[in-house]
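Undergrad: Here it is: the structure, laid out below.
The values are calculated or read from the model by the stated rules, or taken from the named source; none is laboratory data. Quick caveat: nothing in here was measured; it's all calculated off a predicted structure. Backbone-built Cβ (ideal geometry, glycine too); neighbour counts: all protein chains shown.
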Amino acid sequence: MDSRKLLAESLREMNIRASLGQIDKLVEFNELVYENNKYTNLIGRTEKENIIKRHILDSASLLSNSDILFRDVDKDNFKMIDIGTGGGFPGIPLAILLNGSKVFLLEKSKKKVEFLLFAIDKLSLTNVSILNGRAEEIARLEGYRENFEIVTARAVTKFNILLELSIPFCSINGRIIFYKSSKVIRDIEAGYDAIKMLGGTIDRLIDVNVEGLEEYRALLVLKKVRKTPERYPRIFAQIKKYPLKLKYK
Ligand code: SAM
């Protein structure tokens, strides 16, 4: 199917509003990822239609639930950060679909950051800022720590490490949203104490429907209720040597 038609129909099915201009940008982003993935390892090797379903629509799925997720924020004017964004997922599709909100994309790989800079320039995305660095270092900087109403992460690293990397960025009453597969139930049970210790609480689990994808997809939503203790996140060597213990049964 033609990419434009596939995107327009799927977004409609998913109850996500998108203008023709936004759909054009998603189509262009799909092309950019497809072409550049031949030289930079942005995502697994795959076809354009699969990039739309598995990556662009999956990223956009958060907006099927924006009423719930953005309940405590000014919908047209909030700051969001996407940790370990890689080739821009979910950050770039969300930046395209969200008008007026400021989206920060955080990525440690210089090569991926070069692609992101190229893509936001091509797409003329004025609401995106790119941060090249490690989450555990940037989360300690003023202006980034506890300064985002929405924090997202998709397929970044092990859950115990991800909790430590992401929760510190979120402001009090903000939401941390993880894109998850069917492993999510194990992670919720096991992560309960670590989430609490880092200043979060489990807000809700939302099953999502991604048009054209068969597998189970969900959003695990945490709420930031207390400041993260100063000592977190630790330097990477410490995180690696003494990862937070989660209680898997
Ligand atoms: N979120 C993207 C997606 O869903 O396609 C990328 C997923 S990729 C498997 C994980 C990305 O997280 C990689 O690009 C990696 O460089 C980045 N990453 C891992 N640990 C990080 C850290 N501590 N700080 C910043 N980026 C990190």
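Undergrad: Inside segment 18-45, can you point out the residues that are farther than 17 Å from A60 by Cα, aliphatic (A, V, I, L, M) and in a helix (DSSP H, G or I)?
TA: Once the filter is applied, which keeps residues that are farther than 17 Å from A60 by Cα, aliphatic (A, V, I, L, M) and in a helix (DSSP H, G or I), segment 18-45 yields only L32.
Undergrad: May I ask you to verify whether E31 is surrounded by fewer than 18 Cβ atoms within 10 Å (Cβ to Cβ), touching a Lys or Arg at 6+ places or on another chain (Cβ under 8 Å) and modelled with pLDDT of 95 or more? Show your work before the answer.
TA: Numbers: surrounded by fewer than 18 Cβ atoms within 10 Å (Cβ to Cβ): yes; touching a Lys or Arg at 6+ places or on another chain (Cβ under 8 Å): yes; modelled with pLDDT of 95 or more: yes.
Taking the combined requirement at face value, the residue satisfies it.
Undergrad: Going by the structure shown, is A155 buried (at least 18 other Cβ atoms within 10 Å of the Cβ) and either at pLDDT below 95 or within 12 Å of the ligand (Cβ to nearest atom) (or both)? Talk me through it step by step, then tell me what you get.
TA: Details: buried (at least 18 other Cβ atoms within 10 Å of the Cβ): no; either at pLDDT below 95 or within 12 Å of the ligand (Cβ to nearest atom) (or both): yes.
Spelling it out, it is not the case that A155 is buried (at least 18 other Cβ atoms within 10 Å of the Cβ) and either at pLDDT below 95 or within 12 Å of the ligand (Cβ to nearest atom) (or both).
Undergrad: Among the numbered criteria (1) buried (at least 24 other Cβ atoms within 10 Å of the Cβ); (2) farther than 25 Å from D203 by Cβ, which single criterion is violated by L57?
TA: (2)
Undergrad: If you don't mind, there's one more thing I want to ask. So, F104, is that one within 16 Å of the chain's Cα centre (by Cα) and either among the aromatic types (F, W, Y) or within 15 Å of the ligand (Cβ to nearest atom) (or both) or not? Lay out the reasoning, then the answer.
TA: On the way: within 16 Å of the chain's Cα centre (by Cα): yes; either among the aromatic types (F, W, Y) or within 15 Å of the ligand (Cβ to nearest atom) (or both): yes.
Against the criterion (within 16 Å of the chain's Cα centre (by Cα) and either among the aromatic types (F, W, Y) or within 15 Å of the ligand (Cβ to nearest atom) (or both)), F104 qualifies.
Undergrad: Would you say N15 is touching a residue at least 40 places away in the same chain (Cβ under 8 Å), surrounded by fewer than 19 Cβ atoms within 10 Å (Cβ to Cβ) and either touching a Cys at 6+ places or on another chain (Cβ under 9 Å) or in a loop (DSSP other than H, G, I, E, B) (or both)? Can you show your working first?
TA: Numbers: touching a residue at least 40 places away in the same chain (Cβ under 8 Å): yes; surrounded by fewer than 19 Cβ atoms within 10 Å (Cβ to Cβ): yes; either touching a Cys at 6+ places or on another chain (Cβ under 9 Å) or in a loop (DSSP other than H, G, I, E, B) (or both): yes.
Here the answer is yes, as N15 does meet what is asked.
Undergrad: Let me ask another. What's the number of the condition S64 fails, among (1) more than 15 Å from the ligand (Cβ to nearest atom); (2) hydroxyl-bearing (S, T, Y); (3) touching a residue at least 40 places away in the same chain (Cβ under 8 Å); (4) assigned to a loop (DSSP other than H, G, I, E, B)?
TA: Only one criterion is unmet by S64, namely (4).
Undergrad: If we keep just the residues of segment 125-143 that are within 24 Å of A60 (Cα to Cα) and touching a strand residue (DSSP E or B) at 6+ places or on another chain (Cβ under 9 Å), which is farthest from the ligand (Cβ to nearest atom)? Let's see the steps before the verdict.
TA: The initial filter retains those residues of segment 125-143 that are within 24 Å of A60 (Cα to Cα), namely 125-132, 135.
Remaining after also requiring touching a strand residue (DSSP E or B) at 6+ places or on another chain (Cβ under 9 Å): 125, 127-132, 135.
Working: L125: 17, N127: 19, V128: 15, S129: 15, I130: 12, L131: 9, N132: 9, A135: 4 Å.
Only one residue fits best here, namely N127.
Undergrad: Of the numbered conditions (1) touching a strand residue (DSSP E or B) at 6+ places or on another chain (Cβ under 8 Å); (2) not in a loop (DSSP other than H, G, I, E, B), F118 fails exactly one; give the number of that condition.
TA: (1)
Undergrad: I'm trying to understand the selection: among the residues of segment 177-197, which are within 14 Å of the ligand (Cβ to nearest atom) and crowded, with 17+ Cβ neighbours inside 10 Å? Spell out how you get there, then give the answer.
TA: Step one: of segment 177-197, the residues within 14 Å of the ligand (Cβ to nearest atom) are 177-181.
Result: I177, F178, Y179, K180.
Undergrad: Taking segment 131-157 as the region of interest, how many residues are within 15 Å of the chain's Cα centre (by Cα) and in a loop (DSSP other than H, G, I, E, B)? Working first, answer last.
TA: From segment 131-157, those within 15 Å of the chain's Cα centre (by Cα) are 131, 135, 148-157; that's our starting set.
Next cut, in a loop (DSSP other than H, G, I, E, B) only: 155-157.
Number satisfying all stated conditions: 3.
Undergrad: Here's a follow-up. Between a residue in segment 103-118 that is among the basic types (K, R) and surrounded by fewer than 21 Cβ atoms within 10 Å (Cβ to Cβ) and any residue that is assigned to a loop (DSSP other than H, G, I, E, B) and modelled with pLDDT of 95 or more, which pairs come within a Cβ distance under 8 Å, given they are 6 or more apart or on different chains?
TA: Pairs that qualify, where the first residue is among the basic types (K, R) and surrounded by fewer than 21 Cβ atoms within 10 Å (Cβ to Cβ) and the partner is assigned to a loop (DSSP other than H, G, I, E, B) and modelled with pLDDT of 95 or more, are K108/G84; K108/G133; K108/R134.
Undergrad: Could I ask something else about it? Could you check segment 69-101 and list, in sequence order, the residues that are closer than 28 Å to N41 by Cβ, more than 10 Å from the ligand (Cβ to nearest atom) and without any contact (Cβ under 8 Å) to a residue 60 or more places away in the chain?
TA: Of everything in segment 69-101, those that are closer than 28 Å to N41 by Cβ, more than 10 Å from the ligand (Cβ to nearest atom) and without any contact (Cβ under 8 Å) to a residue 60 or more places away in the chain turn out to be L94, A95, L98.
Undergrad: Any residue in segment 228-241 that's without any contact (Cβ under 8 Å) to a residue 40 or more places away in the chain: show its pairings with residues that are more than 15 Å from the ligand (Cβ to nearest atom) at Cβ separation under 9 Å, as long as the two are six or more apart or on different chains.
TA: From segment 228-241, the pairs are P229/M197; P229/L198; P229/G199.
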